[in-house]
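Contents: one structure, followed by commentary.
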């Protein structure tokens, strides 16, 4: 006979998710400032000032905007999971409250990934209209491929949230600053956010070397969805790579979370 007082795992999951989203909502201005300032500064310089000076071609905005959206999604997803994980497993051990919940340990980790995806979507939705307002009309911008846009957004957010889970649980708190310098900064510069992957035909070695970077597939997926007239990577290759990367990052993220929680 089942215990009527027992709470289902789905309700516990939703309660933990609601708690994290409530905290994120209260810190929304700081969250947006932390995750969207760099992309918006790049938009102002390369999408408004330099075109006005005639130093950048006007059609550069069509290639850059999808990359900026991808960058905002990736930064917000990875930071919204990695930074709280470092704090939760830090001196205060706040994670213990969640680990005592009547659900499997892995479900607590998956909740963090889901929360990261939702926060990544918020950052992307915030940056998109502001970037469009700053840069003005963008040739070829379309929302006709909404299904592809939604798929890339969810897969990209999930991949980088899971990566954030791995980084937040696998790196010592005192090294978290070094993580962004050694891992995140190169990922941004060589992630095809500021230039299309097809443009690297001029540098063949770099064209294939950057394929290890997950940001490349999110940026190219955004181009395929938002500005399909810009040359981009094959859509099936993009979706396949993001599925594989998401599965891999979730696997190593869950392993790292469980190892840290047990220790």
Checklist outcome for this item: In this structure, the FRET efficiency calculated for residue 25 and residue 260 from their beta-carbon separation, with R0 = 35 Å, to the nearest 0.05, is 0.85
Checklist entry - Roughly how many nanometres apart are two label points built 7 Å out from the Cα toward the Cβ at residue 251 and residue 60? => result 4.1 nm
Checklist entry - Once the Cβ-Cβ distance between residue 174 and residue 38 is put in as r, and R0 is 22 Å, what FRET efficiency do you end up with, to the nearest 0.05? => result 0.40
Next on the checklist: For the chain, take the longest principal axis of its alpha carbons; what is the angle in degrees between that and the long axis of helix 235-262, to the nearest 10 within 0 to 90?
Outcome noted: 30 degrees
Checklist entry - Expressed as a rounded percentage, what relative contact order does the range 9-262 have, with Cα pairs under 8 Å and six or more residues apart? => result 28 percent
Checklist entry - Using the reciprocal of the averaged 1/r over all distinct C-alpha pairs, how large is the Kirkwood radius of the chain in Å? => result 19.2 Å
Next on the checklist: If R₀ is 35 angstrom, what is the calculated FRET efficiency for the pair residue 52 and residue 183, using the beta carbon separation as r and rounding to 0.05?
Outcome noted: 0.50
Checklist outcome for this item: Percent of all Cα-Cα pairs per 10 Å bin for the range 126-250, counting from 0 up to the last occupied bin, reads 12, 39, 35, 13, 1
Next on the checklist: Between residue 143 and residue 104, what is the label-point separation in nm under the 7 Å Cα-to-beta-carbon projection?
Outcome noted: 3.8 nm
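Computed from the coordinates by the stated procedures, all read-outs in this text should not be read as laboratory data. Predicted model, so just to flag it, every value in this text is computed and none were measured. Methodologically, a virtual Cβ is constructed for each residue, glycine included, from the backbone with ideal geometry; neighbour enumeration extends over all protein chains shown.
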